Amino acid sequence: TFDAPIAARNFIFDTDWYTDIDDVLAARMLTWGINQGRVNLLAAGLSVTLTDGACSLDVVLTNDGAPNTPIAVPLTPLSYAGSALYQTPVCDAGEGTLAPGVVYDDAVTVYRTALANANGRVEIITEGFLNNIMELMQSPADGISPLTGTELIAAKVSRIWVGGGQFPSGTEYN
């Protein structure tokens, strides 16, 4: 029946969070799922280096029902042309759970920790550049997990959802 309980699924959300609002929509869809008891958001990360990016992502997640979500920034700084239009106003207007000016952990550390500690399988949603996913895959075993990134993904990830691009070749910018 439609009344049967649905088990919440674990997610990591990786986003460029940059010049347009597709990323905000995706975050809000995830928080809708959290509020419905269908989603466990284990971590969120930015694939692009951006002033007020992490702060504004925290504000959106906090105000929509996912406070205290670990938020990550790229291990290797990545910038690209374009104007961040909404991040600073959102950061200035909202109340997140993280203090302004906080230093965020890198995506490899946050994602490895989320995967190693996950209860059950995890799905990764990435809609932006794939730098964080690549660096996660290339990460060595460490104090977080005795598994390499590729082994950790094989053991813990059930799906990776990639928004954008045509692989292995294509013309999409991300």
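The values are calculated or read from the model by the stated rules, or taken from the named source; none is laboratory data. Computed from a predicted structure; not experimentally measured. Here the Cβ is made from the backbone with ideal geometry for all residues, glycine too, and neighbour counts use every protein chain on show. These area figures cover heavy atoms from the full protein model, side chains too; ligands, DNA and RNA do not enter into them. Shrake-Rupley method; radii C 1.70, N 1.55, O 1.52, S 1.80 Å.
Quick rundown of the values:
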{"item": "When the stretch 1-80 is reduced to its Cα atoms, the Kirkwood hydrodynamic radius in Å", "result": "13.2"}
{"item": "Among (1) 51; (2) 69; (3) 60, the entry derived from the coordinates for percent of Cα pairs over 20 Å apart", "result": "(1)"}
{"item": "Rel. contact order, % - alpha carbon contacts under 8 angstrom, at least six apart, the chain", "result": "23"}
{"item": "Of all accessible heavy-atom area on the stretch 115-160, the percent that carbon and sulfur account for (1.4 Å)", "result": "57"}
{"item": "Helical segments meeting 30 Å axial Cα length and Kyte-Doolittle 0.0 threshold in the chain (DSSP H)", "result": "none"}
{"item": "Rounded accessible area per residue of the chain, 1.4 Å, Å²", "result": "53"}
{"item": "Selected from Gln138, Gln87, Gln36 as most flexible by GNM, with the chain as the system and alpha-carbon contacts under 10 Å", "result": "Gln36"}
{"item": "Spin-label pair Trp32/Thr76, simplified geometry with 7 Å Cα→Cβ offset, distance in nm", "result": "3.6"}
{"item": "Gaussian network model of the chain, springs between alpha carbon atoms under 10 Å - residue of Tyr111, Tyr86, Tyr18 with greatest fluctuation", "result": "Tyr86"}
{"item": "Rounded FRET efficiency, nearest 0.05, which uses the C-beta distance separating Thr51 from Glu123 and R0 of 25 Å", "result": "0.25"}
{"item": "Zone residues, the stretch 6-32, relative to Ala84, backbone N less than 16 Å from point 7 Å out along Cα-to-Cβ", "result": "15-24"}
{"item": "Per-peptide average of other Cβ atoms within 10 Å, ordering 26-33, 123-130 highest first", "result": "123-130, 26-33"}
{"item": "Environment charge at Pro67 (Cβ cut-off 11 Å; Lys +1, Arg +1, Asp -1, Glu -1)", "result": "-3"}
